[in-house]
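Laboratory data are not the source of any read-out in this text; all were calculated from the coordinates shown. Treat the numbers as computed from the prediction; the structure is a model and nothing was measured. Methodologically, a virtual Cβ is constructed for each residue, glycine included, from the backbone with ideal geometry; neighbour enumeration extends over all protein chains shown.
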Amino acid sequence: MASVKLGLQPVRVGNIFCIGRNYAAHAAELGNAVESEPLVFLKPTSSLLDESSLIRLPEYSRDVHHECELVALIGKGGDDIAPERALSHVAGYGIGLDLTARDVQGEAKSKGHPWTKAKGFRGAACVSMLVPAASVGDPQRLTFDLRVNGQLRQHGDTGLMLFSLAQQISYLSRLYGLSDGDLIFTGTPEGVARIVSGDELQLELHGHVSAGWKVA
């Protein structure tokens, strides 16, 4: 059973929704256009990885990138959730990594193929322990960092999201429906880069939670 921890309590995970190109500077660094609506892709629950496990890079890629993101856990699902009610459906917040086989993604995009092989390999969805939503005042006023081997690689400010978390929740609920236990990876800021064997990654959602992984 795929699960995450909300405090010390395990929570079974349903869907893993990810939002792409949600920070303008990140879209620009990869030469991508800014979208007019949230760009959504999915990861399988088998891609979940907690801090007890090493990151194992897929053998079919030579260019796996880190993408550090705010992660939200849906505690109460629903359809057609209004933006003004959306945050009441969140049970917890954490910090995570949307690992991406960039070379594989580039090849898939050039052929018009889906990205699943690039985004859904085992261990491609790293998630910290989650803190209760009640402990987070405004999810659009958070900052987070990713350091690799002690060097700052990414700094995120959720106030710079192109689509706020409330907008993401409303959109996902309208198109797909949301279920208890769904996770939302809310998008990564600029600074994505390759990781290699031996790298140590340290993530921090300032004032709330930190997490770390080592690459096997």
By per-residue mean of other Cβ atoms within 10 Å, what is the highest-first order of 118-128, 28-38, 204-214?
118-128, 204-214, 28-38
Fewest-first sequence of Tyr60, Tyr23, Tyr176, Tyr171 by Cβ atoms within 10 Å of each Cβ
Tyr60, Tyr176, Tyr171, Tyr23
Positive-end residue, the chain charge dipole about Cα centroid, Cβ charges, pick of Leu8, Gly187, Ala125
Ala125
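Per-residue counts of other Cβ atoms within 10 Å, averaged by peptide: what ranking do you get for 159-170, 105-116, highest first? Don't jump to the answer; show the numbers that get you there.
Details: 159-170: 19.8, 105-116: 13.4.
The peptides rank, most packed first, as 159-170, 105-116.
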Which entries in Lys76/Lys111; Lys5/Lys109; Lys76/Lys214; Lys76/Lys109; Lys5/Lys214; Lys5/Lys111 show an alpha-carbon gap greater than 31 Å?
Lys76/Lys111; Lys5/Lys109; Lys76/Lys214; Lys76/Lys109; Lys5/Lys111
Sites Glu107 and Val40 - FRET efficiency at Förster radius 30 Å, r taken between beta-carbons, to 0.05:
0.90
Please report the spacing between the Cα centers of the range 100-173 and the range 178-216 in Å, no decimals.
7 Å
Short version: ³J(HN,Hα) in whole Hz for each residue of the range 152-165, in order, from phi by Karplus 6.51 cos²θ - 1.76 cosθ + 1.60 (θ = phi - 60°), x for Gly and Pro, what are they?
5, 10, 9, 10, x, 10, 5, x, 9, 4, 6, 10, 5, 4
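Let me spell out the model: positive unit charges on the Cβ of Lys and Arg, negative unit charges on the Cβ of Asp and Glu, origin at the Cα centre of the range 3-214. What dipole size does that give, in debye rounded to 20?
440 debye
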With each run of n ≥ 4 DSSP H residues scored as -39500 (n - 2.57), what mean residue ellipticity at 222 nm is computed for the chain after dividing by its residue count and rounding to the nearest 500 deg cm²/dmol?
-4000 deg cm²/dmol
Just to confirm a number: summing +1 for Lys and Arg and -1 for Asp and Glu over residues other than Lys119 whose beta-carbon lies under 14 angstrom from that of Lys119, what do you get?
0
Cα pair distances in the range 28-183, grouped into 10 Å bins until the bin that holds the longest one, percent each:
10, 35, 39, 15, 1
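Return the loop-located GluC sites (Glu not before Pro) in the range 49-94 (DSSP other than H, G, I, E, B) with at most 13 other Cβ atoms within 10 Å of their own Cβ; answer none if there are none. The partial results should precede the final answer.
On the way: sites: Glu51, Glu59, Glu67, Glu69, Glu84; in loops: Glu51, Glu59, Glu67.
Answer by residue number: Glu59.
Give, in nm to one decimal, the length gained when the segment between Arg141 and Glu29 is fully stretched (0.36 nm per residue of separation minus the Cα-Cα distance).
Numbers: separation 112, 0.36 × 112 = 40.32 nm, distance 2.35 nm.
Separation in residues times 0.36 nm, less the Cα-Cα distance, equals 38.0 nm.
Taking 0.36 nm per intervening residue step and subtracting the Cα-Cα distance, what contour gain separates Asp157 from Arg174 on full extension? Intermediate results must be reported in sequence, preceding the final value.
Numbers: separation 17, 0.36 × 17 = 6.12 nm, distance 2.63 nm.
That works out to 3.5 nm of additional length.
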